[in-house]
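The values are calculated or read from the model by the stated rules, or taken from the named source; none is laboratory data. Predicted model only: the values in this text are computed from it and were never measured. Ideal geometry is used to build each Cβ from the backbone, glycine not excepted, and the neighbour counts take in all protein chains shown. Side chains are part of the model used for accessible areas, which takes the heavy atoms of the whole protein and leaves out ligands, DNA and RNA. Shrake-Rupley method; radii C 1.70, N 1.55, O 1.52, S 1.80 Å.
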Amino acid sequence: IESTITIAYGREITSLLRQLSVFRIVRVLQLLRFLELLRKTSCLVELHIFVECFRNSLNAICWILLLMTALVYCTALVLLQAAADVCARHEYGIQTPMCTHFGSLGGSMMTLFQAVFGGLLWGEVVDALLPAGVFYQIALVVFMVIMLLLVCNIVIGIVLACTERASQNELDHRISSEMHDRSENILALRDIFQEMDINGSGEINRDELNSACQDLRIDALLSSLGLRVFDVHQMFDLLDSNHTGLVSMEDFIIACQRMQGGTRAVDMIFLQQQNARMFKQVKEIHRALVSELNQTNEHQSPSPLQTWTQMRSRDSNRQSAPLIKQAFNSDSTPMTPSRSAKLRKCTTSFTASRITLVEMRAMTMPELCELEALVKMGCSSEGWEHPRTGAALSPGQVDLYAVVHNYIAPCTALVGVRLCGLSKASYKRGQLVKQPARRAVGTIKADSEGPDIEVDVMRGKFCLEGPIYVDEVDCGIPSSVIVPESLSYKELLGNGERKPLWYCTHWWGEAVLDFLACIREHAHCRVLSDEKASYWICGYALRQNSAKGELDAQDIRESPFFKAMSLAEGILLVVDSQATVFRRIWCDFELYVNLTSIGDLLDIVTLPDGAKHARLFSGTPFPYESLSDQRRRETRFPKSILLAGMRVVLQDGGCSREEDKRVILASFSGDQLENANRRLRSLFAKAAWPLALRLGLVADFDSSSPGTVSLPEILSADKQRTQLSFSFAHMEEVTSDAAHNLAMGLAETLEELQLSFEGCQNVEDQTVKVLSRSLPKDLRVLSLDFLGCKAITNAGVSHLAHALPMQLEELTLHFDMCTGVTFAGLRELAQHLPNGLRKFNGTFLGTTVDDTFNSVSELRKAALGEKSLLQRWGLVGFTRGTP
């Protein structure tokens, strides 16, 4: 055919045909893409599993066939030799069945293959070997048994195993494909959210959603994900499950994933939210009824059941008094056990390990959970007592002093203590030893002569304060107390060293369970897993029986406190409900060191009385938290703690030992100390600002003592602050007066300022004017968000443009949905931008301008051209429109 075409049409057609053959090869290769599509087709799953099984078992089948061929070959040689001997005899002709089947090597092998795979009845083959003798018949039977029962079953097993493996691979592939599709879906929803979030605040409001849904591109993106928006307000109500008027990225993605599936899915979500609201209302009604009934019952006499319960409770408390109290009662018989057996049980699961570096003794979350269980068990089964009064403690009353007294000090003195210089000369094993001044109790470990004894500690810590009593006999004050082997609580747990992620500053007198609740809430807000979270806590890191030796350091930078702070990423200040931590000089010293020397992050947490969850605030938003979320979180912080923080004076803290206080005060530097005080107060003032704004107490926060606490004065007094950010989104309290107070709080040292007034309906031109006049002169980065402030007009933009600092380098402005802003205001802004401005980002969507600008040149071109982006594209009929 090719030669005929060449003769008729010439060589050009021939070369063309060769090119066409290349195209055919390319098209055949493209079939591979079609096979990939077949793989994803659900109706062809069985076919894909079969092909995959065949491919996986091909190697094993080849080896099995090779083995079968070898067995057939060896057996065929044996039977061929037998057939040759028989067929050579005269009485048997060469046409006998044996000679027919086994007369040659190929015939023998073919006969055996046919017998194995059913081509011949192998019983007839056995009969054909009758002339050769019984031995060869038995050999053939053994061969058939091996082939049928072993080799064939092995092949079947391999195929089944490969089939199972292929099915599992197919399942894994589908799971991986589904996870990939889901991650792609999340990324697409994230991109859509970022498109909707005009001002980049991390949250969208109703106006932003309304504006985005009028954008044809965003509407097409939502439709491609199976989300059709017919009612913007209903859509926003579905997204805003918390009814805050703002939707975060996480809430948006979760809600959109639940709504994917058409109208039925959307309606179902709407019904679920309605049911949730009704359930919440029913719970509030139930809580109100219970409170009303309780108030009614308070005015009535107690029922017989309540009286009996109270009597039983008092009797139980009497019977559960700690046994060790008997050691301080002269009328009772002394205790004789060598050591508290129950305390020993607490430590049997631990394998103690020494950690040389004190700063590497950070506690992990599982270890802190073990501590919580220990406190609860110690009070219920051990009868833990107060270290000073001896009163029985409940788990909620146990503080760190009590933990050290009842557990850490006794259990970490591994071989007991040695009391030297006592007056008595002879001691017996098992005698009870006590020191009433410190409520320490123990027993003598072995018989001894002389002034020294070895004591197995049961409770407390022996020291040089107060006399020692042995079986109620005064033996005088010891000359020295020696602890041969001592560990810290962290070392006692035996989990090895751990670098601190956070350094904890707290008062030892706070309840341990409250302290642990604060730690748990902090780890949750900081998104710290149990493997990552680690906290350095001095009470558990230091060896309590030899803490003074570990604290001896000539230079503060060589102390374990400073080293642990330096290793940690931040400082966690745990404030008790009475704010006692601010009145302890050691805690004040740790805050001073961090604020003046280290400068780590400072998070502050507290658990108010009666609250289930701790309250936190920090100088920066937590991970995955917007400025609005940060403001709402800080608004819940107790006012009393905020007030105590704004009145703190670090050098006024108290201490149980005056010598320690003198050493600490000597390490304070005058200027640095005052800067640290101002810095700490300003942190609390900033956190208190949203709450004070709602209560109308910004200028005078302490209503009980008017004129003593002014947030603007405290904030502006912090001359070390260079960055400040506030979010007043959707706060109706933001007016011109509030702006005036905020302007008074702006320190002249600020270099970065970020303010958000998103959705503040009372923000107007006068508010912008007041703020603009107070902008610091050295400001380099400025971000102002007026999205949805519909009262702002060109006059407000003009006030801001004329007041921009000349040192400004980066400027971000959001005037979206400010319907009073036109090209006239845009021209004012473009004409008065600072000459040194390097970066500009402005959004004016939903206004007459209806455009976004990512540089100064774009802004100036638009101001001169007076055409919006959509108008320049010729899409005037598809403009967003104002909501």
Rounded if a/c is under 1.5, else prolate if a/b is larger than b/c, else oblate: which is region 406-523, with a ≥ b ≥ c the root eigenvalues of its Cα gyration tensor?
-> prolate
Just going by the charge dipole of region 439-563, with Lys and Arg at +1 and Asp and Glu at -1 on Cβ, which of CYS475, LEU528, TYR503 is farthest out on the positive end?
-> LEU528
With every protein chain in place, what's the accessible area of ASP85 (1.4 Å probe, Å², nearest 10)?
-> 80
For region 371-378, Karplus couplings with θ = phi - 60° (6.51, -1.76, 1.60), whole Hz, Gly/Pro x | 4, 4, 5, 5, 4, 5, 6, x
For region 796-837, shape from the Cα gyration tensor axes a ≥ b ≥ c, cut at a/c of 1.5 then a/b versus b/c, turns out prolate
What is region 445-486 by shape, rounded, prolate or oblate, if you read a ≥ b ≥ c off the alpha carbon gyration tensor as root eigenvalues and call it rounded for a/c under 1.5, prolate for a/b larger than b/c, and oblate otherwise?
-> rounded
Quick one: which residues, 5+ away or cross-chain, put their amide H under 5 Å from the amide H of GLU764? H built at 1.01 Å from N.
-> none
Interchain or sequence-distant (5+) residues whose placed amide H lies within less than 5 Å of the amide H of ARG459 are VAL441
Say the cut-off is 29 Å between C-alpha atoms; which of LYS686/LYS769; LYS283/LYS686; LYS719/LYS839; LYS790/LYS839; LYS639/LYS839; LYS563/LYS777 go over it?
-> LYS283/LYS686; LYS639/LYS839; LYS563/LYS777
Label point distance in nm, THR722-GLN81, each placed 7 Å from Cα along Cα→Cβ = 9.7
Can you list residues whose amide H is under 5 Å from MET363's amide H, if they're 5+ apart or on another chain and H is modeled 1.01 Å from N?
-> TYR535, TRP536, ILE537
In the structure displayed, which of LYS376/LYS461; LYS490/LYS612; LYS490/LYS532 lie more than 26 Å apart, Cα to Cα?
-> LYS490/LYS612
Expressed in nanometres to one decimal, the distance between label points 7 Å along Cα→Cβ at LEU833 and TYR401 is 6.4
Between SER380 and GLU465, how many nm apart are label points set 7 Å from Cα along the C-beta direction?
-> 3.3
Share of carbon and sulfur in the accessible heavy-atom surface of region 585-670 [1.4 Å probe, %] | 51
